[in-house]
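The values are calculated or read from the model by the stated rules, or taken from the named source; none is laboratory data. Keep in mind that this is a model prediction, so the values were computed, not measured. Here the Cβ is made from the backbone with ideal geometry for all residues, glycine too, and neighbour counts use every protein chain on show.
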Amino acid sequence: MAVINLMKRQIECKIVFYGPGRSGKTTNLEYIHKAFKKQVAGKMISIDTEGDRTLFFDFLPLGIGKVKGCDVRVQLYTVPGQVKYSSTRELVLKGVDGVVFVADSLKVRREKNFISLKDLHANLKKQGLNILKIPLVLQYNKRDLQKKGLPIMSVDRMNKELNRQLKAPFFSASALTGEGVGATLTQTMKLTLQHLHKEFQWSKK
């Protein structure tokens, strides 16, 4: 749930990058931090741990315009993908306004994608949120690995398997090179802002 500070005329919302371990969530934020320097309004905090690059979250506020005359700031978070950090993922999702699900294109990671998406659904439900209604964008990451001869799934296959019911916007991407990262972020912020406009209007009634 976005935080509205009427004194400062500021709305603060939260977007979480979710997905299995090593799918490229942190790499997405690292690229955004580097490529969108003019919009970055704070330091990125990254905590690495054995077996997973992000233990808690990466924090990156972006100034992206106004809603009803209020400045909007976006906090970008990632969650740790490993199963043992389930409670941390649930904690980071509290107050979420939009989600980017980062799926791993490697064929050997197919089952991990399913498990992580199911986990996202369950954790959103605990927050009283519906995965079909929250602003959600799917990113099919690591498309560059095909050039290195590694077996990856086609975008069509991933979309049919992961997005059949969700019908969410989706992008093919390589967080390492930056391909598709900006488009993913832009679409997620667009959906989140549209959702905030509706929420804001509803709260004023």
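Miscellaneous remarks
- Cross-chain or 6+ apart pairs with Cβ under 7 Å, the range 96-116 first and on the phi < 0 side of the Ramachandran plot and crowded, with 24+ Cβ neighbours inside 10 Å, then outside any helix (DSSP H, G or I) and among the acidic types (Asp, Glu): 113/104
- Against the test of being closer than 24 Å to residue 15 by Cβ, basic (Lys, Arg), at pLDDT 95 or above and crowded, with 18+ Cβ neighbours inside 10 Å, the options 142, 167 yield a single qualifying residue, 142.
- Scanning the range 6-25 for residues that are among the polar types (S, T, N, Q) and buried (at least 24 other Cβ atoms within 10 Å of the Cβ) returns a single hit, 23.
- Near pairs, Cβ below 7 angstrom, 6+ apart or cross-chain, from the range 42-54 (farther than 10 Å from residue 78 by Cα and modelled with pLDDT under 75) to any residue that is part of a loop (DSSP other than H, G, I, E, B) and not hydrophobic (A, V, I, L, M, F, W, C): 47/54; 51/82; 52/21; 52/80; 52/81; 52/82
- When the test is whether a residue is more than 24 Å from residue 159 (Cβ to Cβ), charged (D, E, K, R) and modelled with pLDDT under 90, residue 68 passes it.
- Residues that are at pLDDT 95 or above, part of a strand (DSSP E or B) and either out of contact with any Phe, Trp or Tyr (no Cβ under 7 Å at 6 or more places or on another chain) or not β-branched (Val, Ile, Thr) (or both) are absent from the range 73-92.
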